[in-house]
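Working notes for the structure below.
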Amino acid sequence: RNTKRIAKEFEKGAGKRLHRELVKLDEKNTHTSYISDPWFNMYLSAREPVVLNFNPFISLTPDPREAYNDQLVRATNLIISSIKFLKSLKHNYLRPDIYYGDPKWSESRLFKNFIRLLPTSLSWYGAYMVNAYPLDMSQYSRLFRSSRIPKLNKDELFTSECSRHLLVMRNGHFYVFDVLDSVDNILHPSEIVAHLIYIIQEADRLPEFALSYLTTEDRNIWATVRQELLEAGNEENLKKIDSAIFCLCLDNIFPKDEDELSHCLLHGNGFNRWFDKSISLIITSDGCAGINFEHSWGDGVAVLRFVNEVYRNSTRHPALLPHSRSTETSVITCERLEFKLNDSIQSAIHVAHEKFDERKKKMSMRIFRFRKFGKDYIVKQRMSPDAIFQLACQITFYRQFGRVVPSYEACSTAAFKHGRTETIRPTSMLTKQCSQAIVEERGKHSVAELRNMIDECSKYHRRLQMEAALGNGFDRHLFALKHLAMSRGEPTPDFFLDTAYQKINHNVISTSTLQSPAVNLGGFGPAVSDGFGIGYHVSDTWLGCNATSYLDEELQEFLRCLEYSLNDIFDILEGRPL
């Protein structure tokens, strides 16, 4: 009742005024979205370490041909495919991101020729006429040659316009070499692999002080130490790191299973990462590949497009064949970056190392797969695969803890200019009712009644997805209103101080998914200390997730209960009583 009162007062008073001012501000800034600056500000002002808190990872599917999963072969092919992607983006050859209302028609040659013949100023309208909708691609400009720069209180994003060098890390050492010549030609594959061989042979031991641990620090501490690095004469080396096309991490590790691989890609050992780079391509000794990316500049949509294109190109058109590398005539122009570290910087690295090791020990990560059914089966049931997995998570938490909690699912708003994400709220009265029926009221409902509950949850979830994707969610709107008040030095309205608003933004179940044949798995840390981070995958024949938490026993129980919940859903859909 108190929350309703506060909400009504906000709607008629401060909220109405802030909304009116937000609309005026949006009308003045037609070049961007109303959410863009507040969202950048939120990420860049966060003072927590980016690793474990913000940076997600994506694991690439292995190359279907085993011989191509050699570390050097795969690294070389992925480098070249990545540079091809960069060049196609730079020269406007990259095919636009488009949402197709009718994929069969939109993929046809007739459609492509129709759009191609239209002037640029009319092509969007032409696409709209045939139910195809171009998506925002502004984030792509920061995929390459970009870094997050630590600053006191608020970081900055840096992007170089014309750098040609790659940053390679091995055993905590930094190397740079040009992969593009002066006229933008890509270095020959044999020359690239020769440089990588040189680096692996040269960086055979760890440095006494691994500088990269500093990127795992609290942002204000890292900003202070970076200033010390600059004053100590390291400016040019830091520029070379920040402006590198991307960071290649050649890890000296053979992950024994997917759990260990996930730990490697999410946080690794700390010394062989520069977590501030927009993207880091990680290759283990056995050729497993993945991406760790800094999150402030963009979201999963841009990274997924990059992963899809690079995986497809590197597997279908590999530039380097196994056993074909020849280095006899290669000239090595690789530079090892040496840093001047005074006692204060060395001490800061030591402290950062200890703090990072302590944090990563507390992080638990588990892989889960359920193979009784997948997307194909759910679609045949005329239900949403995404909704079914989200419902399973709701039932699971209720089964384990006997209550419902705030949950978060990310939804891209790339349909809008400079759009980022909107929140889908999987927790609802419908999912609560269904969870109670399956967990507490077993035997009280017929199979038909339970199936109807699941169907209603699926329909409602699809509605939430559509609302979020079309800009009709409420989270980002409220966030922008709050940001507007704070940016103008106004008192925070009571609405945002209410315990209900605080609670729904304490997302105990934080979820996200990226569906692609190129993606093996993906994950991220939990949003809150008592929560779960669920990076899930809905395959044609199975459902699975990479789950993280700082509560190991609770996480193991959560995944055990998740299997029970999916089994219950399967039995109901198959017409079997619980």
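Over region 424-578, Cα pairs under 8 Å with separation of 6+ residues give a relative contact order of 18 percent. Kirkwood radius, the chain, all distinct C-alpha pairs, inverse of mean reciprocal distance: 25.6 Å.
Looking at region 455-508, which trypsin sites (Lys or Arg not before Pro) are in a loop (DSSP not H, G, I, E or B) and have at most 13 other Cβ atoms within 10 Å? Please list the in-between numbers first.
On the way: sites: 459, 462, 463, 476, 482, 488, 503; in loops: 488.
For trypsin sites (Lys or Arg not before Pro) across region 455-508 that sit outside H, G, I, E and B with at most 13 neighbouring Cβ atoms in 10 Å, the list reads 488.
Which percent, to the nearest 5, of DSSP beta bridges fully inside the chain are antiparallel? Restricted to the chain, the bridges split so that about 75 percent are antiparallel. In the chain, Cα pairs under 8 Å separated by at least six residues give a relative contact order of 21 percent. Each peptide in 94-105, 138-149, 377-388 receives the mean, over its residues, of other Cβ atoms within 10 Å, and ordering these scores from highest gives 138-149, 377-388, 94-105. A 1.4 Å probe run over the protein chains yields, for region 128-176, 42 Å² of accessible area per residue, whole-number rounding.
Between residue 487 and residue 124, the FRET efficiency estimated from the beta carbon spacing at R0 = 35 angstrom works out to 0.60. How far is helix 385-401 tilted, in degrees, relative to the longest principal axis of the Cα atoms in the chain, given as a value from 0 to 90 rounded to the nearest 10? Between helix and principal axis, roughly 80 degrees. For the chain, the longest principal axis of the Cα atoms and the long axis of helix 300-316 meet at an angle of about 60 degrees.
Just check region 374-500 against the gyration tensor rule for me: Cα atoms, a ≥ b ≥ c as the square roots of the eigenvalues, rounded for a/c under 1.5, and otherwise prolate or oblate depending on whether a/b exceeds b/c. It is oblate, given that a/c is not under 1.5 and a/b is not larger than b/c. Helical content of the chain, expressed as a calculated mean residue ellipticity at 222 nm, amounts to -14500 deg cm²/dmol (DSSP H runs of 4 or more residues, -39,500 (n - 2.57) each, divided by residue number, nearest 500).
Please give the peptides 532-538, 542-548 ranked by average Cβ packing (other Cβ atoms within 10 Å per residue), highest first, as a rough proxy for protection.
In descending order of packing, they fall as 532-538, 542-548.
Please work out how much length the chain gains when fully extended from residue 104 to residue 218, using 0.36 nm per residue of separation minus the C-alpha to C-alpha distance, in nm with one decimal. Mind dumping the intermediate values first?
Values: separation 114, 0.36 × 114 = 41.04 nm, distance 4.92 nm.
Full-extension gain reported as 36.1 nm.
Which of rounded, prolate, oblate describes region 436-578, given a ≥ b ≥ c as roots of the alpha-carbon gyration tensor eigenvalues and a/c under 1.5 marking rounded, otherwise prolate only if a/b is larger than b/c? Here region 436-578 falls in the prolate category. The count of lysine pairs in region 323-478 with alpha-carbon distances below 30 Å, taking only pairs 8 or more places apart or on different chains, stands at 16. Looking at region 364-574, the accessible area is 42 square angstrom per residue; that uses a 1.4 Å probe and ignores ligands, DNA and RNA. Rounded to the nearest 10 degrees, the inclination of helix 36-45 to the longest alpha-carbon principal axis of the chain is 70 degrees.
With both residues required to sit in region 364-574, DSSP beta bridges show an antiparallel share near 70%.
Ranked by the mean number of other Cβ atoms within 10 Å of their residues, highest first, the peptides 516-524, 400-408 fall in the order 516-524, 400-408. Mean projection of the Cα convex hull over all viewing directions, computed for region 1-148: 16.1 nm². Per residue, the accessible area of region 1-119 comes to 58 Å², computed with a 1.4 Å probe over protein heavy atoms only. By accessible area, using a 1.4 Å probe on protein heavy atoms only, region 247-323 has 54% of its surface on carbon and sulfur.
In this label model, residue 91 and residue 462 are separated by 4.4 nm, measuring between points 7 Å along each Cα→Cβ vector.
The values are calculated or read from the model by the stated rules, or taken from the named source; none is laboratory data. On a predicted model such as this, the values are computed, not experimentally measured, just so you know. Cβ sites come from the backbone with ideal geometry, for glycine too, and all protein chains shown count toward neighbours. For the accessible areas, the whole protein counts, side chains as well, though only heavy atoms, and no ligand, DNA or RNA atoms are used. Shrake-Rupley method; radii C 1.70, N 1.55, O 1.52, S 1.80 Å.
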